[in-house]
């Protein structure tokens, strides 16, 4: 388990990490889905949050990322999340699964930011117009998916910060609702409503994906050749 040394300073596996940390270069593909609010509520578990609804539908997202070398090493990551409301403020993305291929980032994610990271085996491949991913938990296949990138290529970069919530019942932040912001400095962006093909295994992550409507065509797909930006501390919410 990571140890907090000072405000924004952590000790992990013999290394000192000072927040914020700069994501120098990552590649991203994401797809957005909608689902009935009642189904979305099932995936929140003990987190003190409720689904954000738009026209009576909750909004979920699946993301595939490859991180080049940075403070948390180099690794692949697959995130499943839901837009949710907390005690106050605007809605934010709450991640319910965040499997990764690196032990260092798993511990950092759980202890620094209360993110639900767990170790996976993965095959993640980005090509010009498609992203393919396979996630395995030990020997069992969790999911296998292909994302077709959107046809519209934006001629400009996007700079934003996506509000987020996080909550875990274990780790250094156990039982605390945290509020943060996820960096969204994207370049080489393609958007559209590309095809999405998925095969799900028998696994809790697959069950949550089903509840969030991630078995049909997405509302939107986004691909970015490069993602970068600072990732700072998350703040406890009373």
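The values are calculated or read from the model by the stated rules, or taken from the named source; none is laboratory data. Because the structure is a prediction, the values reported are computed rather than measured. FYI the Cβ positions are ideal-geometry reconstructions off the backbone, even for glycines, and counts take in every protein chain you see.
Structural remarks
- For segment 133-147, a residue qualifies if it is buried (at least 20 other Cβ atoms within 10 Å of the Cβ) and farther than 19 Å from residue 117 by Cα, and the qualifying residues are 145, 147.
- Verdict on residue 194 being within 17 Å of residue 61 (Cβ to Cβ), surrounded by 20 or more Cβ atoms within 10 Å (Cβ to Cβ) and at pLDDT below 95: yes
- Screening segment 37-52 for residues that are free of Cβ contacts under 8 Å to residues at least 60 places away in the same chain and in contact with a strand residue (DSSP E or B) (Cβ under 8 Å, 6 or more places away or on another chain) and picking the one that is surrounded by the most Cβ atoms within 10 Å (Cβ to Cβ) gives 51.
- Test: residue in segment 139-149 that is at pLDDT 95 or above and either under 20 Å from residue 47 (Cβ atoms) or not in a strand (DSSP E or B) (or both): yes
- Hits in segment 3-20 (condition: in contact with a strand residue (DSSP E or B) (Cβ under 8 Å, 6 or more places away or on another chain), in a strand (DSSP E or B) and within 18 Å of residue 171 (Cβ to Cβ)): 3, 4, 5, 9, 10, 11, 12, 17
- Residue 168 in a strand (DSSP E or B), in contact (Cβ under 8 Å) with a residue 40 or more places away in the chain and buried (at least 16 other Cβ atoms within 10 Å of the Cβ): no
- Complete set of residues in segment 53-100 that are out of contact with any strand residue (DSSP E or B) (no Cβ under 8 Å at 6 or more places or on another chain) and surrounded by 20 or more Cβ atoms within 10 Å (Cβ to Cβ): none
- Within segment 212-232, the set of residues being in contact with a helix residue (DSSP H, G or I) (Cβ under 8 Å, 6 or more places away or on another chain) and crowded, with 22+ Cβ neighbours inside 10 Å comprises just one member, 212.
- The combined condition, being on the phi < 0 side of the Ramachandran plot and touching a residue at least 40 places away in the same chain (Cβ under 8 Å), is fulfilled by residue 87.
- The requirement of being in a loop (DSSP other than H, G, I, E, B) and either within 30 Å of residue 7 (Cα to Cα) or over 15 Å from the mean Cα position of the chain (by Cα) (or both) is not satisfied by residue 230.
- Residue match in segment 103-124 (condition: touching a helix residue (DSSP H, G or I) at 6+ places or on another chain (Cβ under 6 Å), farther than 21 Å from residue 51 by Cα and surrounded by fewer than 20 Cβ atoms within 10 Å (Cβ to Cβ)): yes
- When each of 154, 186 is tested for being farther than 28 Å from residue 234 by Cβ and surrounded by 15 or more Cβ atoms within 10 Å (Cβ to Cβ), the lone residue that passes is 154.
- Residue among 224, 202, 206, 160 that alone is part of a strand (DSSP E or B) and modelled with pLDDT of 95 or more: 224
- Any hit, segment 175-189, residues being assigned to a strand (DSSP E or B) and more than 22 Å from residue 72 (Cβ to Cβ): yes
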